[in-house]
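The values are calculated or read from the model by the stated rules, or taken from the named source; none is laboratory data. Source: prediction; values computed, not measured. In this analysis, Cβ positions are derived from the backbone assuming ideal geometry, glycine residues included, and neighbour counts consider all displayed protein chains.
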Amino acid sequence: MGTKNNYSLVRGRRMRITRLNGCGVPIDGVASQVVTDGFISVGFTSQQTEAEDIEVTNANGDICVSDKGKASFNGYGLDITLCNVNPCLMEMLTGQPVVIDADGETVGFRMNTKTKTETVGFALELWLGVPGVSGCGGTSDAGSYGYLLIPFVGPGVVGDFTVENAAINLAITGSSTKDGNGWGVGPTSYKPVPGVGGAAPAQLPAPLDVNDHLYMVWTSVAPPEPTDGCIALNPPAITGVTAGTPGSITPAGAIIPANLAALKADPVIGDSGTSKPASAWTTGQYIVLGDKSNAYWGGSPTAVWKAGKAA
């Protein structure tokens, strides 16, 4: 039997969390996914309805009716222990609000008793090691991994922790898997398994059943690299830019150019873009770029993007 049919699993290599709406469907847009290796453990507790056995004895003490019941599977409870504090990840796992500093950076999170979390959820993907096996089948092998997907999880809460002369690890407890996932074959940018013949990474070969709570397969596709906090999922393409104090990139959810060089080179709104500004911006107008620097569309002698705010 090949590796695909018989494999052992060890250690957790990588974890990806994806933001879902109340119907279990991934949410496209800004800050909708995060990849991390900053976790210590993910615990799964099977939730079952216990079997109910029926047994009746007659007047002589002999069994005259015997029917063994069957336990029914209801899902899993999850406990996730983290070794890194990523505020955006904490918000995705709990549904609780993040804290924004004066510069607009996400620097923390809160736990609030009035926060409504009924209409939020997340999907959990884990990549596990397959010991002693490397390059196992297919023409684009990246290794050998176990791929575990939990497609629909309700948010949990930050559990007990102690501040002491030791590392402080935060645990998210109380999360449970749910029926009715809308994962399908996953987001178009998620390609965790090899395609036909192992030629290239691909989406799942068939949509998940809406009541799947766990999906585990072998894969030769390496896990994604850790992200710098939460990143966009299938963001819309940039279509234009509007002047202001500050101005904005359109449509909402499009990825803002990382810096002035990226802005100037953008094929749509850059210096030679198809939808670059038509006229010089007026005093005080600017946009904020991904690195938090400012830029404005200048006039004479050359109409190009310049650093700072319009004078």
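Just one of the listed residues (Leu208, Leu263, Leu233, Leu214) is closer than 30 Å to Asn6 by Cα, touching a residue at least 24 places away in the same chain (Cβ under 8 Å) and touching a Pro at 6+ places or on another chain (Cβ under 7 Å), and it is Leu208.
For the condition assigned to a loop (DSSP other than H, G, I, E, B) and either surrounded by 10 or more Cβ atoms within 10 Å (Cβ to Cβ) or without any contact (Cβ under 8 Å) to a residue 60 or more places away in the chain (or both), what is the one hit in Gly61, Gly77, Gly12, Gly43? Spell out the reasoning first.
Working: Gly77 fails: assigned to a loop (DSSP other than H, G, I, E, B); Gly12 fails: assigned to a loop (DSSP other than H, G, I, E, B); Gly43 fails: assigned to a loop (DSSP other than H, G, I, E, B).
Of the residues listed, the single one that is assigned to a loop (DSSP other than H, G, I, E, B) and either surrounded by 10 or more Cβ atoms within 10 Å (Cβ to Cβ) or without any contact (Cβ under 8 Å) to a residue 60 or more places away in the chain (or both) is Gly61.
Answer yes or no as to whether Asp141 is charged (D, E, K, R), outside any strand (DSSP E or B), modelled with pLDDT under 95 and farther than 29 Å from Gly24 by Cα. Against the criterion (charged (D, E, K, R), outside any strand (DSSP E or B), modelled with pLDDT under 95 and farther than 29 Å from Gly24 by Cα), Asp141 qualifies. Within the stretch 168-205, being under 19 Å from the mean Cα position of the chain (by Cα), over 30 Å from Thr81 (Cβ atoms) and touching a residue at least 24 places away in the same chain (Cβ under 8 Å) holds for one residue alone: Thr188. One residue alone among Ile256, Ile249, Ile269 is surrounded by 15 or more Cβ atoms within 10 Å (Cβ to Cβ), outside any loop (DSSP other than H, G, I, E, B), assigned by TED's automatic domain parsing to the domain that holds Gln285 and without any contact (Cβ under 8 Å) to a residue 60 or more places away in the chain, and that residue is Ile249.
Determine, yes or no, whether Ser66 is in contact with a Ser or Thr (Cβ under 9 Å, 6 or more places away or on another chain) and polar (S, T, N, Q). Steps first, answer last, please.
On the way: in contact with a Ser or Thr (Cβ under 9 Å, 6 or more places away or on another chain): no; polar (S, T, N, Q): yes.
No.
Counting the residues of the stretch 83-102 that are more than 13 Å from Thr115 (Cβ to Cβ) and part of a loop (DSSP other than H, G, I, E, B) gives 6.
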